[in-house]
Amino acid sequence: MDAADVALLAAAGVTTGAINAVAGGGSLVSFPALLATGLSPLSANVSNLVATLPGYLSAATTSRAELAGQGARLRLLALAAAVGAAVGTTLLLVGPADTFSALAPWLVLLACALLAIQPLVARWVTRVQHRSAPARLTVTVAVASIYGGYFGAGLGIVLLAALGLTLEEPLQRLNAIKQVLSLTVAVVSAVAVALFGPVAWLSTLVVGAGTLVGGRIGVGVARRLPDPVLRGAVITLGVTVAVALLLR
């Protein structure tokens with residue numbers, strides 16, 4: 001990497017951390033930044049899975065108050081998330097790199113769509129509540145985590161919808177559970193790709209450090225932007241990246 005690449009990745013990391021703290025979808029910034037430095041789609045994806053881990057850890061540790069009294073439920077769901085993440089990451093690592101390269105633009109577009117509907121998901125969760133169905137919830141979380149282990153962007157939105165389907169809890173508590181499950185998926189995926197994936201470690205460290213900074217101080221900048229503007233900018237970037245990948 002040259003100085004320009006380092007600057008780009010550091011800025012992308014800070015922006016990713018801030019966006020994830022405010023609205024989610026920050027991987028739609030860090031993933032294309034890693035691509036722009038010359039990494040292959042597969043290497044950029046596995047590097048991004050590791051680089052975003054510090055941000056998930058920061059978000060989960062700030063949700064302790066909302067997690068009170070949910071220990072047993074969290075253990076069950078975290079186990080389901082870990083299993084799903086292991087399956088998704090295994091599919092990523094053992095599958096042909098060409099397959100992921102072909103899927104990458106469509107996964108980016110899916111993440112853009114998830115980010116676009118995030119406000120609708122949040123409003124739907126506050127209106128639609130169901131009696132807890134542990135078996136259905138566990139399976140749903142596991143399936144969502146397979147997606148997270150394979151790609152990751154938009155995972156939080158998928159998990160929030162899955163939790164809202166079966167748990168009768170306030171949105172703040174559902175969001176706290178989502179943070180823990182996202183962290184679980186990130187840890188399992190990061191360990192697996194760190195051991196067996198083509199991680200670009202220097203790039204990963206630069207982005208990861210940026211996400212920590214973004215989660216702490218970058219959020220203040222992001223909050224000055226109206227949410228629709230921030231969301232629209234990230235979606236526009238994601239669609240641009242997807243088109244560029246399709247045209248490669």
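So Ala7 clears everything in (1) of a type outside the set (Asp, Glu); (2) without any contact (Cβ under 8 Å) to a residue 60 or more places away in the chain; (3) open to solvent by less than 50 Å² (accessible area, probe 1.4 Å) except one condition, right? Which one?
Failed condition: (3).
Could you say which residue among Val14, Val87, Val50 is among the β-branched types (Val, Ile, Thr) and open to solvent by 60 Å² or more (accessible area, probe 1.4 Å)? Step through it out loud before you land on a result.
Details: Val14 fails: open to solvent by 60 Å² or more (accessible area, probe 1.4 Å); Val50 fails: open to solvent by 60 Å² or more (accessible area, probe 1.4 Å).
Result of the check over Val14, Val87, Val50: Val87.
Is one or more of the residues making up segment 180-200 modelled with pLDDT of 90 or more, closer than 18 Å to Ala10 by Cβ, open to solvent by 20 Å² or more (accessible area, probe 1.4 Å) and part of a helix (DSSP H, G or I)?
No, the conditions are met nowhere in segment 180-200.
If Ala153 satisfies every condition in (1) under 27 Å from Val6 (Cα atoms); (2) touching a Leu at 6+ places or on another chain (Cβ under 7 Å); (3) in a helix (DSSP H, G or I) but one, which is the exception?
Answer for Ala153: the failing condition is (3).
Please determine whether any residue of segment 93-105 is free of Cβ contacts under 8 Å to residues at least 24 places away in the same chain, small (Gly, Ala, Ser) and either under 28 Å from Leu205 (Cβ atoms) or crowded, with 17+ Cβ neighbours inside 10 Å (or both).
For segment 93-105, residues free of Cβ contacts under 8 Å to residues at least 24 places away in the same chain, small (Gly, Ala, Ser) and either under 28 Å from Leu205 (Cβ atoms) or crowded, with 17+ Cβ neighbours inside 10 Å (or both): present.
In segment 94-103, is there at least one residue being more than 24 Å from Val239 (Cα to Cα) and either touching a Pro at 6+ places or on another chain (Cβ under 8 Å) or assigned to a helix (DSSP H, G or I) (or both)?
Checked segment 94-103: at least one residue is more than 24 Å from Val239 (Cα to Cα) and either touching a Pro at 6+ places or on another chain (Cβ under 8 Å) or assigned to a helix (DSSP H, G or I) (or both).
Answer with yes or no whether Leu163 is open to solvent by 50 Å² or more (accessible area, probe 1.4 Å), free of Cβ contacts under 8 Å to residues at least 40 places away in the same chain and part of a helix (DSSP H, G or I).
no
Listed residues Arg123, Arg131, Arg64; which is surrounded by fewer than 17 Cβ atoms within 10 Å (Cβ to Cβ), modelled with pLDDT under 80 and touching a Ser or Thr at 6+ places or on another chain (Cβ under 8 Å)? Please lay out each step first, then the result.
Details: Arg123 fails: touching a Ser or Thr at 6+ places or on another chain (Cβ under 8 Å); Arg64 fails: touching a Ser or Thr at 6+ places or on another chain (Cβ under 8 Å).
Only one candidate qualifies: Arg131.
Kindly provide the set of residues from segment 22-38 that are surrounded by fewer than 24 Cβ atoms within 10 Å (Cβ to Cβ) and under 15 Å from Gly208 (Cβ atoms), ordered by number.
Answer for segment 22-38, where residues must be surrounded by fewer than 24 Cβ atoms within 10 Å (Cβ to Cβ) and under 15 Å from Gly208 (Cβ atoms): just Thr37.
Which of the residues that make up segment 168-195 are under 14 Å from Leu76 (Cα atoms) and free of Cβ contacts under 8 Å to residues at least 40 places away in the same chain?
Lys178
Got a sec? Which of Thr166, Thr204 is in contact with a helix residue (DSSP H, G or I) (Cβ under 9 Å, 6 or more places away or on another chain) and at pLDDT 90 or above? Before the answer, list the steps.
On the way: Thr166 fails: at pLDDT 90 or above.
None of the other options fit; the residue is Thr204.
Among Ala80, Ala72, Ala59, which is surrounded by fewer than 20 Cβ atoms within 10 Å (Cβ to Cβ) and either more than 26 Å from Leu245 (Cβ to Cβ) or among the aliphatic types (A, V, I, L, M) (or both)? Steps first, please.
On the way: Ala80 fails: surrounded by fewer than 20 Cβ atoms within 10 Å (Cβ to Cβ); Ala59 fails: surrounded by fewer than 20 Cβ atoms within 10 Å (Cβ to Cβ).
Step by step, each of Ala80, Ala72, Ala59 is checked, and only Ala72 is surrounded by fewer than 20 Cβ atoms within 10 Å (Cβ to Cβ) and either more than 26 Å from Leu245 (Cβ to Cβ) or among the aliphatic types (A, V, I, L, M) (or both).
The values are calculated or read from the model by the stated rules, or taken from the named source; none is laboratory data. Just so it is clear, the model here is predicted, and its values are computed rather than measured. With ideal geometry, Cβ positions are generated from the backbone for all residues, glycine too; neighbour counts draw on all protein chains shown. Calculation scope for accessible area: heavy atoms of the full protein, side chains included, ligands and nucleic acids excluded. Shrake-Rupley method; radii C 1.70, N 1.55, O 1.52, S 1.80 Å.
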